[in-house]
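Q: Below is a structure I'd like to ask you about.
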Amino acid sequence: MFNTSIRPAIPKFPGMTTLDKEAFNIQIPVVRAKVPTSAMRQINRNPLFKMTKQSGVTGKGLAVVTDEKDSDMRWIPLPAHTKADLPQETLDALLELAGFVEVEDSSVTLGWNYWTVQEIISAILPEDADMQDGIPSSFTMTGHVAHLNLKKSMLPYRFLIGQILLDKAQTIETVVNKLDTIEDQFRVFKMELLAGKDDYLVSQIEQECKFTFDFSQVYWNSRLTNEHRRLVNLFNPGDLVVDVMAGVGPFVVPAAKKGCYVLGNDLNPHSYKYMRLNTEQNKVVDNVRLFNDDGRNFIQTIAFEAYMFPFLEPSLERQLLCRPDIPNIGKIPGSMGFQSSNETHPPVDSASRQTEHHSSHTFPDLAILHSDSRSAVSPSDPTSTTTTTTTTTTPNTTVQHPNPDVAGRSRRRVKAPKPIYEPTLFIKHFVMNLPDSALEFLDAYRGCYRPLVDDAGLSEHKIEMPMIHVHCFAPSIAEGAHKEIFQRASERLGYTIDPANDPTVYIEQVRLVAPKKWMYCLGFTLPREVAFACKGSVGTQKEEEKKEAVEKGENDSTQDL
Ligand SMILES: C[S@@+](CC[C@H](N)C(=O)[O-])C[C@H]1O[C@@H](n2cnc3c(N)ncnc32)[C@H](O)[C@@H]1O
């Protein structure tokens with residue numbers, strides 16, 4: 001034990017290029033006292049002499065040892081660096097407990113493990129303020145991969161920083177640096193390996209579900225855990241939920257586990273592949289269908305498809321899909337088809353690591369923030385009429401499509417499996433988490449419910465409208481930000497979203513992504529005027545109006561010479 005209130009300064013090695021751990025060993029003076037062995041019991045009970053073990057501190061000045069010449073005497077460490085530092089209170093207590101006291105100088109060694117990651121990085125960097133200010137204060141963990149977002153000034157030292165991190169944190173096996181803020185269409189950020197193995201197949205637990213994916217091929221952000229949980233908490237068991245940009249399934253899998261029926265889509269084939277794996281390993285395949293389509297096409301076709309091919313008997317559905325003698329089953333134009341059980345799975349390293357819970361880390365203590373707990377499945381709403389959500393314990397109930405026209409045509413008048421919740425026929429929630437551009441997809445909702453009237457023969461008023469939860473970015477959290485989001489969404493929808501007219505409208509401030517860049521979620525009920533509008537986007541309509549005007553010679557920007 002030594003005086004822990006004064007943290008010794010780490011030795012400095014500015015410009016160190018090869019990591020030399022031994023260089024960080026330093027000896028510091030401490031004092032120790034010789035006391036009779038018979039007094040040890042009393043001394044040990046006294047809080048003034050309580051030993052606190054510290055990582056990385058070694059040496060005889062720290063241990064209780066028997067005196068080499070007199071086996072009835074022991075040396076005990078004292079909380080001071082020099083005799084002069086020794087508090088009078090400690091000396092008095094020693095005199096009282098031991099009767100006679102001999103105090104001598106000793107030393108301890110502070111080694112590599114004693115220093116924090118930040119102290120070590122600071123020690124290897126040039127001492128000017130610019131460099132010292134650039135020291136990263138945190139990193140993010142995804143499975144066994146730690147990712148840093150280093151400032152430009154840190155780049156010459158990036159490999160050394162990577163090695164320091166790898167060495168100091170036992171759970172880290174790979175350290176990468178995010179290369180730039182420009183991400184590709186699939187929101188996968190480019191990264192450079194700094195230390196450890198070139199292996200990005202990770203497993204991550206979120207909302208008590210296990211997600212496996214190749215972090216170099218798909219989008220994942222552990223900082224969205226709360227947002228994933230917030231939306232899943234809004235869903236009720238039995239709800240039909242659509243995720244238009246689903247990634248590897250952080251909404252899809254927990255929603256399905258809760259008893260929702262989920263249609264998940266992602267344009268990135270890697271995301272689709274791992275989302276499928278994740279539904280399998282979390283045992284929710286029976287109430288999930290997956291698609292690998294562009295979000296715009298998907299929005300336009302999914303309401304009709306969900307109604308025409310409701311969740312009834314998923315295992316039979318998959319058997320049908322595997323039969324080559326039944327062409328195009330389960331497919332309608334625009335859809336990429338249902339998840340099929342005979343597709344191959346991505347190779348998964350059986351030894352792939354699993355890191356529990358959200359993982360944003362700060363350097364000094366490398367603490368993991370534990371934050372997850374899945375909400376319990378809540379009972380369904382028994383008052384719902386058009387979309388009954390009921391629990392049932394009776395397997396093998398025959399379920400028919402409620403619309404006799406469709407029931408006659410349906411290929412799935414089959415026995416229900418062991419349903420936990422009876423699925424709804426109409427979509428309850430659309431999720432669109434592509435904050436960079438999801439608002440621009442809103443025009444795809446125009447007319448997307450028309451086929452339910454025109455082709456399925458339903459009357460408009462019987463069709464329930466879904467909630468849309470669409471993520472976006474805005475530069476501030478000022479009041480004006482909300483107005484701007486409403487405006488952008490309204491323009492794309494071709495309909496004014498007005499919280500005064502629609503009580504379901506909300507704006508959730510999700511998180512600060514970068515300076516002056518906030519992530520929001522806008523929620524509203526899809527207006528009937530939009531859902532049943534004539535097909536075609538607002539943009540397309542404008543284009544067509546323009547074309548017509550040109551044809552009629554009304555456009556004054558085209559002039560005959
Ligand atoms: C920000 S990520 C969100 C993923 C997931 N929902 C989550 O919360 O982690 C956006 C996803 O949209 C997908 N994406 C990008 N463009 C798309 C498009 N045109 N249609 C469908 N998905 C798209 C990307 O591949 C990516 O997985």
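Rule-based calculations on the coordinates, nothing more; no lab input. Not measured: the values here are computed from a predicted model. Here the Cβ positions follow ideal geometry from the backbone for every residue, glycine too, while neighbour counts run over all protein chains shown.
Q: Rounded, prolate or oblate: which fits region 438-551 when a ≥ b ≥ c are the square roots of the eigenvalues of the alpha-carbon gyration tensor, with rounded for a/c under 1.5 and prolate only if a/b beats b/c?
A: Oblate is the answer for region 438-551, as a/c is 1.5 or above yet b/c matches or exceeds a/b.
Q: Could you list which residues have their amide H under 5 Å from that of HIS144, counting only those 5 or more apart in sequence or on another chain, with H placed in the peptide plane?
A: Answer set, sorted by chain and number: SER203.
Q: Pairs LYS273/LYS428; LYS21/LYS50; LYS210/LYS257; LYS210/LYS517: which are spaced more than 21 Å apart, C-alpha to C-alpha?
A: Long pairs (Cα-Cα over 21 Å): LYS273/LYS428; LYS21/LYS50; LYS210/LYS517.
Q: Still on this structure: Restricting things to alpha carbons, find the Rg to Rh ratio for region 21-114 using the Kirkwood radius for Rh. Walk me through the numbers on the way to the answer.
A: Details: Rg = 13.7 Å, Rh = 13.8 Å.
My calculation puts Rg/Rh at 0.99.
Q: Determine the shape class of region 132-210: with a ≥ b ≥ c the square roots of the Cα gyration tensor eigenvalues, call it rounded for a/c under 1.5, and otherwise prolate if a/b is greater than b/c, oblate otherwise.
A: oblate
Q: Just going by the charge dipole of region 117-196, with Lys and Arg at +1 and Asp and Glu at -1 on Cβ, which of PHE159, THR140, ALA123 is farthest out on the positive end?
A: Value: THR140.
Q: Okay, next question. Kindly work out what percent of the DSSP beta bridges joining two residues of region 177-320 are antiparallel, to the nearest 5.
A: 50
Q: Now a separate question. Listed highest first by mean packing, meaning other Cβ atoms within 10 Å per residue, what order do 236-247, 161-172 come in?
A: 236-247, 161-172
Q: Out of every Cα-Cα pair in region 436-489, what percent are more than 18 Å apart?
A: Here the tail beyond 18 Å accounts for 49 percent of pairs.
Q: Name the long-range amide H neighbours of PHE291: under 5 Å, sequence gap of 5 or more, or other chain; modelled H, no Pro or chain starts.
A: GLY264, ASN265, ASP266
Q: Please list, in order along region 237-250, the HN-Hα scalar couplings obtained from phi with the Karplus expression 6.51 cos²θ - 1.76 cosθ + 1.60 (θ = phi - 60°), rounded to whole Hz, x for Gly and Pro.
A: Taking θ as phi minus 60°, the curve returns x, x, 4, 8, 10, 10, 10, 6, 10, 8, x, 9, x, x Hz for region 237-250.
Q: Could you tell me how far the Cα centroid of region 106-124 sits from the Cα centroid of region 11-51, in Å?
A: 13
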